[in-house]
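A.B. asks: Questions regarding the structure given below will be posed in turn.
The values are calculated or read from the model by the stated rules, or taken from the named source; none is laboratory data. Note that the structure is predicted; figures quoted are calculated from it, not measured. As a convention, Cβ positions derive from the backbone with ideal geometry for all residues, glycine included, and neighbour counts pool all protein chains shown.
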């Protein structure tokens, strides 16, 4: 099974003022990602407000990203939602248009409570696109599903042929490390918590999906280079710089809301959020920019 083995950003879904998806903006977004030397995109995930989009919108977004990337980016389609039949349809469509991989998080409403249920859930989606790698998206703070990933991988090794690994967006580095050794290291662990990027490097990070790669990918790239050259003081300073940026996100309703708005400051206006997300107001925007200037964001953000 092919592996990502690179850095993947989780793009926001561009929208018009009326809330309709702005498909035309995806072309500009793809060029932005390529220019910042990011390896791929994880579309319609939490940053992309995937659960708030219709299936037809999600298909059209995937098609537009494939067209705009023109083979230059690894496109991973997130199918996650509450309707399993719709997820199967999204997975099959993703295979049809030739994306790199698919992924899904567990639903937050009526979620699986036993490993057997989670395995069956993943298998149903993965079977709908048997030629593509399937990644489980583990994000307990968002969906409150905290089943053992070691148990999931152990079972998936026997039951899901195209199970490729886990997008691990959680702060349990202990479990992250254990997962890497299941089935003799067969599964790819995608680090997904930017706050602990340096910790992931210490545990052999090789691939990841980051929401703040949209804004400060250069910081993480430099951090990896500093770690590789054993300049640990610089690596720690760069992680702290990331933390200062993330602090700004936390002050204004998180990456999905203010992170999306910040893209406007870098030339990619992604528009508003969908309800129940509350879009940043013009008054808040002034404060956000002041906070970013205070940490010298515009000297190290993506261009």
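A.B. asks: With the requirement that a residue be touching a residue at least 12 places away in the same chain (Cβ under 8 Å) and not in a helix (DSSP H, G or I), what does segment 172-186 give you?
C.D. replies: 180, 186 - these are the residues of segment 172-186 that are touching a residue at least 12 places away in the same chain (Cβ under 8 Å) and not in a helix (DSSP H, G or I).
A.B. asks: Further, regarding this structure: Mind listing whichever residues of segment 67-89 are under 24 Å from residue 189 (Cα atoms) and either assigned to a loop (DSSP other than H, G, I, E, B) or modelled with pLDDT under 95 (or both)?
C.D. replies: Selection gives 71, 72, 73, 79, 80, 81.
A.B. asks: Moving to a separate point now. Within segment 15-26, is there a residue that is surrounded by 20 or more Cβ atoms within 10 Å (Cβ to Cβ) and either within 23 Å of residue 166 (Cβ to Cβ) or within 16 Å of the chain's Cα centre (by Cα) (or both)?
C.D. replies: Within segment 15-26 (the criterion being surrounded by 20 or more Cβ atoms within 10 Å (Cβ to Cβ) and either within 23 Å of residue 166 (Cβ to Cβ) or within 16 Å of the chain's Cα centre (by Cα) (or both)), the answer is no, since none of the residues qualifies.
A.B. asks: Filter segment 41-59 for residues that are touching a strand residue (DSSP E or B) at 6+ places or on another chain (Cβ under 6 Å) and assigned to a helix (DSSP H, G or I); which is surrounded by the most Cβ atoms within 10 Å (Cβ to Cβ)?
C.D. replies: Once the filter is applied, the top-ranked residue is 50.
A.B. asks: Exactly one of these conditions fails for residue 165: (1) buried (at least 22 other Cβ atoms within 10 Å of the Cβ); (2) part of a loop (DSSP other than H, G, I, E, B); (3) at positive phi. Give me its number.
C.D. replies: With respect to (1) buried (at least 22 other Cβ atoms within 10 Å of the Cβ); (2) part of a loop (DSSP other than H, G, I, E, B); (3) at positive phi, residue 165 is out only on (2).
A.B. asks: Go through 62, 30, 92 for me and flag whichever is in a helix (DSSP H, G or I) and touching a strand residue (DSSP E or B) at 6+ places or on another chain (Cβ under 6 Å).
C.D. replies: Step by step, each of 62, 30, 92 is checked, and only 62 is in a helix (DSSP H, G or I) and touching a strand residue (DSSP E or B) at 6+ places or on another chain (Cβ under 6 Å).
A.B. asks: For segment 187-218, which positions are more than 23 Å from residue 233 (Cα to Cα) and free of Cβ contacts under 8 Å to residues at least 40 places away in the same chain?
C.D. replies: Listed by number, the residues that qualify are 187, 189.
A.B. asks: So, one more: Can you pull out the residues in segment 80-109 that are closer than 20 Å to residue 30 by Cα, free of Cβ contacts under 8 Å to residues at least 60 places away in the same chain and buried (at least 20 other Cβ atoms within 10 Å of the Cβ)?
C.D. replies: Within segment 80-109, 94, 99, 102 qualify.
A.B. asks: Filter segment 27-44 down to the residues that are touching a residue at least 60 places away in the same chain (Cβ under 8 Å) and over 12 Å from the mean Cα position of the chain (by Cα) and list them by number.
C.D. replies: If the condition is that a residue be touching a residue at least 60 places away in the same chain (Cβ under 8 Å) and over 12 Å from the mean Cα position of the chain (by Cα), then 28, 29, 32, 35, 36, 37, 38 are the ones that fit.
A.B. asks: For segment 110-138, name all the residues that are buried (at least 22 other Cβ atoms within 10 Å of the Cβ), touching a strand residue (DSSP E or B) at 6+ places or on another chain (Cβ under 6 Å) and not in a helix (DSSP H, G or I).
C.D. replies: 129, 132, 134, 135, 136, 137, 138
A.B. asks: Additional query: Would you confirm whether any residue within segment 4-14 is assigned to a helix (DSSP H, G or I), surrounded by fewer than 19 Cβ atoms within 10 Å (Cβ to Cβ) and in contact (Cβ under 8 Å) with a residue 12 or more places away in the chain?
C.D. replies: No, segment 4-14 contains no residue that is assigned to a helix (DSSP H, G or I), surrounded by fewer than 19 Cβ atoms within 10 Å (Cβ to Cβ) and in contact (Cβ under 8 Å) with a residue 12 or more places away in the chain.
A.B. asks: If we keep just the residues of segment 182-192 that are within 14 Å of residue 152 (Cβ to Cβ) and surrounded by fewer than 17 Cβ atoms within 10 Å (Cβ to Cβ), which is nearest to the chain's Cα centre (by Cα)?
C.D. replies: Step by step, filter segment 182-192, then rank; the result is 186.
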